[in-house]
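Reading through the structure tokens given below for one structure.
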Amino acid sequence: MPSRATACCGSPVISRPPNQTRPEVGVVSPEMSRKNVVLPAPLGPMIERSSPRRTATSTRSTAMRLPKARVSASVRSRGASGIGADSTGPSGVSRSPRRVRRAPVCYRPREHGCAAAGAPVSLELPPPPRPWPTQDGMPTTRGLNFYVADPNLEFVCSTVMEPEVLARARPLLVEMGAVAGDELDALAAAADRHPPTLRAYDERGRRVDEIVFHPAYRAMEQLAFERFGLAAMSHRDGVLGWPGRVPHVVKYALSYLFAQSEFGLLCPVNMTDSTARMLTRFGDEALRGRYLPRLTATALEDLWQGTQWMTEKTGGSDVGALTTLARRDADGAWRLWGDKWFASNANADVALTLARPEGAPPGTRGLGLFLVPRHLPDGTKNAWTINRLKDKLGSRSMATGEVTYAGAVAYVVGDVGRGFAQMMEMVNGSRLSNAMRAAGIMRRSLLEAVFHARGRAAFGGALFDKPLMRWTLLEMLLDVEAAASVVLNAAVMFDAWDAGAEAAGRLLRIVTPLAKGWITARARAVAGEAMNVRGGNGYVEEWVNARLLRDAYLGAIWEGSTTVVALDVQRAIVKDGALAPLAAFIGTRLDGVRERHAKPVTDVVRAVLADVERRAAAWTTQPPDTRELEARPVAETLYHALATALLLDEGQTLRPQRQDHHKLLVAALYARRWLVPAPPGVPAFSPSALESLERLVDWRPIGADALAAEAPVRD
Ligand SMILES: Cc1cc2nc3c(=O)[nH]c(=O)nc-3n(C[C@H](O)[C@H](O)[C@H](O)COP(=O)(O)OP(=O)(O)OC[C@H]3O[C@@H](n4cnc5c(N)ncnc54)[C@H](O)[C@@H]3O)c2cc1C
């Protein structure tokens, strides 16, 4: 029985007793359940710390203060030393160790039907782990709770999740944040240093095609599949103690945290998740009965992992050119013959693959979708081999191989004549997941950069206070907040679509390639800037930056490279009429903006949308070489318009709650950066915008004056 119920937004929220075993997760430690913490804004108390004109007046000691998540009262009380770890408050006033509890508030009381703004929700939080002291100007984020340290994520979650969903998700997010900031990060570094190897033959010379992983990878699998149930939570009731299925939006928020430390393993997690999804949607009863329980298992010993292999030597973009043949033999079984040139999660137990049935027409129309098991029902090894593993730049923890089907037994999934169309549905889900992972890389990059810039001095002051450094960090912050909003809002559309909302499906049709195209490409730049910020150490593999950068490069290649995805946006507009629902979605958000100083931002977005609509209207009559040339700039512009509209919408929610123009300012600066670019030679941001950086990073309230100064103007 639940121990207590607290009123949240008019509806009761049931919390578990502190020592109750959580199904499929393990025991909640009494210490975790008991402790309360001071959270960073907007969760914690808002303390006015300094004047906005910080750059000119800050001293080295105040400017180098670490983010609040690292200097909570509970941390100080445990005697951590180093920057930000003493027991003296920012104003120099001694603060005795104490526990402060402040329940988070509902940011959308009207929409959620709450009795009053600020109605408390149930909250039991563990303390952030004790920080590691900084002694040498080389601060590390190791030990930080990535969720507690990310007020933006908490806020965006509050705008996309119902309060009771967020209340239930929060302890899980905090738990994931702690794991990502410490244990997972260490495991990921080890697995990256020790990539898997292929054991093609056993000691008696028999073909076994086994992949040998470093124990760190196995430990990460345990975290992802078992402890957090990331691959199963959309398919199985009760994972992580959730009543029913965990919503996609919660899975995305959890995975966003996971991705900040480990990128490679999220490919197998997502592929297993989407293989189960494909079977649920298209598989017959026999396939579902045999494979779904294993694909959605949360115990590693029961789990069968899934994967999807399409790409051949002939090309990954032009899938219709593939040559793998599917032949139906006299015994009625389908057998596959051919090579797959890129086969990630090469150790998977179940592969979904595209092949052309003998006699089928050329191109994508003729392709069938097949399930190829690693082992046949009688336990014998199926007839496919892993020829070798790829030596990759990034995502090194995970095995990508080259595979040959030599008469491998395969089962048709769904309609054999609609294989490509069915597979594209899976690819769309994976593209969104990819965008989320890239957004996670961006967020980690920003975190590392801010930490370093605050903890390191040069030329008599903190790096953080140098104007050009602020410029770099501000630009990263804008990208991070925009990406988080886009992927989490897209995840909400995913949930709505699964619940039967056709309109959400039409929106996803275009939002998915928009997000995949821009965020994965931009993550490269953001990860690269973070490497620069860390200087020489950023280039050294002992620090996380090199891994982030190497991983970031992959996101923009697989699941459709950037240009191919831009062409998909164009197809969505021309063939599926996806621009109208997107424009309506954006327009609704702009209509809701009432803040006077934000109006110029809405004008910019409207003007940009009108431009795009004019261009798109001409596409149907243009020759391909003219039309295709516009695909990428239009896709990028639409992404920025969508991101700005979402930021404005969030800003409209946040401002009345806390008198905080944070999100409206971010929207204005984002529009200024990406929709109204500065002329050549002119800095993108004004000195006053740079002065807001610290408040933006710390989530201290931003005044209307800061917004008024930054509203973009379009000629
Ligand atoms: C580490 C890794 C793991 C992978 N794992 C898998 C996997 O598990 N399963 C799987 O199926 N695939 C996998 N892939 C393959 C990946 O999806 C493809 O590499 C990708 O789709 C690009 O295909 P390609 O390499 O054949 O390049 P191409 O298709 O030859 O493309 C080369 C370049 O041409 C561009 N291009 C192509 N067509 C056009 C056009 N019409 N207009 C303009 N530009 C164009 C592309 O954008 C790209 O930049 C993996 C790739 C990598 C690197």
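The values are calculated or read from the model by the stated rules, or taken from the named source; none is laboratory data. Quantities reported herein were computed from a predicted structural model and do not represent experimental measurements. Using ideal geometry, Cβ is built from the backbone for each residue, glycine included, and neighbour counts are taken over all protein chains shown. Heads up: the accessible areas ignore ligands, DNA and RNA and are worked out on the full protein's heavy atoms, side chains in. Shrake-Rupley method; radii C 1.70, N 1.55, O 1.52, S 1.80 Å.
Working ranking of peptides 403-416, 345-358 by packing, defined as the average number of other Cβ atoms within 10 Å per residue, highest first, is 345-358, 403-416. For the residues TRP497, TRP384, a 1.4 Å probe over the protein chains yields an accessible-area ranking, largest first, of TRP497, TRP384. Its relative contact order, with pairs defined as Cα atoms under 8 Å and 6+ residues apart, puts segment 468-591 at 27 percent.
Note on THR140: accessible area approximately 40 square angstrom, rounded to 10, probe 1.4 Å, nucleic acids and ligands left out. A straight Cα-to-Cα reach below 17 Å connects LYS340 with the lysines LYS313, LYS390, LYS392, residues fewer than 8 places away in its own chain not being considered.
So what's the gap between the Cα centers of segment 632-666 and segment 684-715, to the nearest angstrom? Cα centres, segment 632-666 to segment 684-715: 13 Å. Note on segment 183-308: with charges restricted to the Cβ of Lys and Arg (+1) and Asp and Glu (-1), its dipole about the Cα centre is near 320 debye. The trypsin sites (Lys or Arg not before Pro) of segment 273-327 that DSSP puts in a loop, and whose beta carbon has at most 15 other beta carbons within 10 Å, are LYS313. Mean projected area of the Cα convex hull of segment 561-710, taken over all directions, amounts to 10.0 nm². Shape class for segment 619-687: oblate, because the ratio a/c of the largest to smallest gyration tensor axis (alpha-carbon atoms, square roots of eigenvalues) is 1.5 or more and b/c is at least a/b.
Of the trypsin sites (Lys or Arg not before Pro) found in segment 546-587, those that fall in a DSSP loop while having at most 15 other beta-carbon atoms within 10 Å are LYS575.
Specify whether the C-alpha gyration tensor of segment 282-353 places it in the rounded, prolate or oblate class, a ≥ b ≥ c being the square roots of the eigenvalues: rounded for a/c under 1.5, otherwise prolate if a/b is larger than b/c and oblate if not. Oblate.
Taking all Cα pairs closer than 8 Å and separated by 6 or more residues, the relative contact order of segment 561-710 comes to 26 percent. For ASP611 and THR197, what does the FRET efficiency come to when R0 = 56 Å and r is the distance between their Cβ atoms, rounded to the nearest 0.05? Efficiency for this residue pair is about 0.60. Residue separation of ALA709 and ARG365 scaled by 0.36 nm, minus their Cα-Cα distance, works out to 118.4 nm of gained length.
Among the GluC sites (Glu not before Pro) found in segment 522-631, those both in a DSSP coil and sparsely packed, with 12 or fewer other Cβ atoms within 10 Å of their Cβ, are GLU541, GLU542. The phi-based Karplus calculation (6.51 cos²θ - 1.76 cosθ + 1.60; θ = phi - 60°) puts the 3J(HN,Hα) values of segment 551-563 at 5, 4, 5, 6, x, 7, 9, 7, 6, x, 6, 4, 5 Hz, whole numbers, x for Gly and Pro. Charge dipole (Cα centre; +1 on Lys/Arg Cβ, -1 on Asp/Glu Cβ; no other charges) of segment 464-623 amounts to roughly 380 debye.
Computed about its Cα centre, the charge dipole of segment 561-710 is approximately 220 debye, with only Lys, Arg, Asp and Glu carrying charge at their Cβ. Ranking of HIS452, HIS597 by solvent-accessible surface, largest first: HIS597, HIS452 (1.4 Å probe, protein heavy atoms only, all chains present). Projecting the Cα atoms of LEU488, SER433, LEU463 onto the charge dipole of segment 416-511 (Cβ charges, centred on the Cα centre) puts LEU463 farthest toward the positive pole. The amide H of PHE342, built 1.01 Å from its N in the peptide plane, has THR311 as neighbours under 5 Å, considering only residues 5 or more places off or on other chains. Under 5 Å from the amide H of TRP384 lie the amide H atoms of ALA406, each residue being 5 or more positions distant or on a separate chain, with H modelled from the backbone and absent for Pro and chain starts. As a rough guide to protection, the peptides 690-698, 198-206, 299-307 ranked by mean Cβ packing within 10 Å, highest first, stand as 690-698, 299-307, 198-206. With θ taken as phi - 60° and the Karplus curve 6.51 cos²θ - 1.76 cosθ + 1.60 applied, the whole-hertz 3J(HN,Hα) list for segment 176-188 is 5, x, 5, 5, 5, x, 9, 4, 5, 4, 5, 5, 4 Hz, x standing for glycine and proline.
Close amide-amide hydrogen proximity is noted between ARG199 and GLU210, ILE211, VAL212, each under 5 Å apart and 5 or more residues distant or on a separate chain (H modeled in the peptide plane; Pro and chain starts excluded).
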